[in-house]
Amino acid sequence: MDFSTLFIIIIGSIFVNNFVIHRFLGLCPYIGVSKKMDSAFGMGMAVIFVMTMASTITWLIYTFFLNKATSIFGIDLTFLRTIAFILSIAVLVQFVEMVIKKAAPELYKALGIYLPLITTNCAVLGVSLLNINENYNFIESIVNGAAAGVGFTLVLVLMAGIRERLEYSKVPKSMKGMPISFIVAGCMALAFLGFSGMKF
Amino acid sequence: MKAIQEFTKGIIKENPVFVMALGLCPVLAVSTSVQNAIGMGAAATFVLVCSNIFISLLKNFIPSKVRIPCYILVIASFVTIVDMAMEAYVPPLHKSLGIFIPLIVVNCIILGRAEAFASKNGVFKSMLDGLGMGVGFMLAIIVIASIREFLGVGTILDIRILPASYKPMIAAILPPGAFITIGLLMGLLSILQNKKKSKA
């Protein structure tokens, strides 16, 4: 196992190719759930969890069922990729919700309302598709999924911190709410561009 | 008369992007050039119209408890069709849109229209609604893409507008440009709305 590749994937997914800021995935929760720090953190944790699980499961499905070279059926089913991934993510989220509700009611209380929202979070489907496009192996896919979730949480929590301050600042009437949030996101993206100079 | 309203409401009054802030991920991600914007808009419109027609045809057969997975399945099938057709006929466009074609599945506009409109209305009305929303979505991406391509490269649809000596504002086609452009456009729209309100 080559640890330097894993390290590059982690740094790459958190900072350089951040899912929200650089790849524009998962913008709905980024703008929608970033009003309060607590809920942003809860959402972030739920996303890290689901993204890691989804990367694992979709990689297994792709490798053992869809890809001709490694499939147990020996037929090319890659065209079913989108349908298979979205269905398995939907089932996974539902399943995770049921397990957490039974096993850890406290955690369920904290994450509960965010879990159903995640099914339609494009970052989850996005990370599954990217793992396949980048030809990551099993370990790399899991690591990439977790790192992408951490990157998502990082910018979500940063954004929530800024927006809590924005509540008390004087914003022109017509820029209140969404418009100013996008401008803030733009400034954050400018700051994150600094990371793209990093070369390994 | 009323049928026409179903079509026109999606274009300005209930514009999915600017007014309802749905489906932002593809809008920001593919608006680096007008050509990409047209491709994305056309793909999303096709899926929106087809899924609206199908869901309104099937609305009496789908049990309400499992309706969301059913909608997702219908949408995913049409997305797969678009994905394969684009790969076959316009490979360069398919390549530059990348994972955002499969990600049309999780575009909240499409699921939103299925849930809010097609599952309650007739086939013809649903088709017009889908067409209107699709055109509204396409117009929104084209507006943003025109601004970004104009500032960032000095061209629109690869036709040079600004003289070659123009030093392009590269930030406009990088991620920050997308956020700032949409933020300013939304601010502008809310200025117009506030003026309308104060007049009334």
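Pairs linking a residue in region A:161-181 that is more than 7 Å from chain B (Cβ to nearest Cβ) to a residue that is in a helix (DSSP H, G or I), with Cβ atoms under 6 Å and 6 or more positions apart or on different chains, are A:162/A:184; A:171/A:180; A:181/A:31. Filter region B:168-177 down to the residues that are facing chain A (nearest Cβ under 8 Å) and over 19 Å from the mean Cα position of the chain (by Cα), then identify the one that is modelled with the lowest pLDDT. Among residues in region B:168-177 that are facing chain A (nearest Cβ under 8 Å) and over 19 Å from the mean Cα position of the chain (by Cα), the one modelled with the lowest pLDDT is B:171. Considering only residues in region B:90-100 that are more than 9 Å from chain A (Cβ to nearest Cβ) and of a type outside the set (D, E, K, R), the one that is surrounded by the most Cβ atoms within 10 Å (Cβ to Cβ) turns out to be B:97. Within the set A:86, A:72, the sole residue that is within 24 Å of residue B:73 (Cα to Cα) and of a type in the set (Val, Ile, Thr) turns out to be A:86. Filter region B:74-89 down to the residues that are small (Gly, Ala, Ser) and either more than 7 Å from chain A (Cβ to nearest Cβ) or surrounded by fewer than 21 Cβ atoms within 10 Å (Cβ to Cβ) (or both) and list them by number. Across region B:74-89, the qualifying residues are B:77, B:85, B:88. If we scan region A:46-68, do we find a residue that is surrounded by fewer than 18 Cβ atoms within 10 Å (Cβ to Cβ), in a loop (DSSP other than H, G, I, E, B) and in contact with a helix residue (DSSP H, G or I) (Cβ under 6 Å, 6 or more places away or on another chain)? No: zero hits. Give just the number: which of (1) surrounded by 21 or more Cβ atoms within 10 Å (Cβ to Cβ); (2) on the phi > 0 side of the Ramachandran plot does residue B:177 not satisfy? If we test residue B:177 against (1) surrounded by 21 or more Cβ atoms within 10 Å (Cβ to Cβ); (2) on the phi > 0 side of the Ramachandran plot, just (2) comes out false.
Out of A:73, A:19, one residue alone is closer than 18 Å to residue A:151 by Cα, outside any helix (DSSP H, G or I) and among the hydrophobic types (A, V, I, L, M, F, W, C). It is A:19. Which condition from (1) more than 14 Å from chain B (Cβ to nearest Cβ); (2) without any contact (Cβ under 8 Å) to a residue 40 or more places away in the chain is the one that residue A:56 breaks? Single failed check for residue A:56: (2).
If you go through region A:16-55 and keep only what is among the aromatic types (Phe, Trp, Tyr) and touching a Gly at 6+ places or on another chain (Cβ under 7 Å), you end up with just A:19.
Taking each residue of region A:16-27 that is under 16 Å from residue B:22 (Cα atoms) and without any contact (Cβ under 8 Å) to a residue 12 or more places away in the chain and looking for partners that are aromatic (Phe, Trp, Tyr) and part of a loop (DSSP other than H, G, I, E, B) with beta-carbon atoms closer than 6 Å, six or more apart or interchain, yields nothing.
Taking the criterion of being farther than 27 Å from residue A:87 by Cα and more than 12 Å from the chain's Cα centre (by Cα), would at least one residue in region A:39-62 satisfy it? Within region A:39-62, none of the residues are farther than 27 Å from residue A:87 by Cα and more than 12 Å from the chain's Cα centre (by Cα).
Only one of the numbered conditions (1) farther than 22 Å from residue A:24 by Cβ; (2) assigned to a loop (DSSP other than H, G, I, E, B) is not met by residue B:21, and that is (1). Considering region B:44-73, and only residues there that are crowded, with 17+ Cβ neighbours inside 10 Å and closer than 14 Å to residue B:106 by Cβ, the residue that is modelled with the lowest pLDDT turns out to be B:68. Answer with yes or no whether residue B:180 is modelled with pLDDT under 85 and touching a helix residue (DSSP H, G or I) at 6+ places or on another chain (Cβ under 7 Å). Considered against the rule, which asks whether it is modelled with pLDDT under 85 and touching a helix residue (DSSP H, G or I) at 6+ places or on another chain (Cβ under 7 Å), residue B:180 comes out as no. Exactly one residue out of A:110, A:103, A:90 is away from every other protein chain (no Cβ under 14 Å) and free of Cβ contacts under 8 Å to residues at least 40 places away in the same chain: that is A:103.
Restrict the check to region A:90-101 and report whether at least one residue is modelled with pLDDT under 80 and either part of a loop (DSSP other than H, G, I, E, B) or loosely packed, with under 12 Cβ neighbours inside 10 Å (or both). Among the residues of region A:90-101, not one is modelled with pLDDT under 80 and either part of a loop (DSSP other than H, G, I, E, B) or loosely packed, with under 12 Cβ neighbours inside 10 Å (or both), which makes the answer no. Screening residue A:85 with (1) among the aromatic types (Phe, Trp, Tyr); (2) free of Cβ contacts under 8 Å to residues at least 24 places away in the same chain; (3) within 14 Å of another protein chain (Cβ to nearest Cβ) gives one miss only, at (2).
Picking from residues in region B:19-43 that are closer than 17 Å to residue B:85 by Cβ and away from chain A (no Cβ under 14 Å), the one that is surrounded by the fewest Cβ atoms within 10 Å (Cβ to Cβ) is B:42. Here the condition is being closer than 20 Å to residue B:31 by Cα, surrounded by fewer than 16 Cβ atoms within 10 Å (Cβ to Cβ) and either away from chain A (no Cβ under 13 Å) or not aromatic (Phe, Trp, Tyr) (or both); of B:147, B:159, B:191, B:182, it holds for B:159 alone.
The values are calculated or read from the model by the stated rules, or taken from the named source; none is laboratory data. What you see is a predicted model, and the numbers here were worked out from it, not measured in a lab. All Cβ positions, glycine included, derive from the backbone under ideal geometry; neighbour counts span all protein chains shown.
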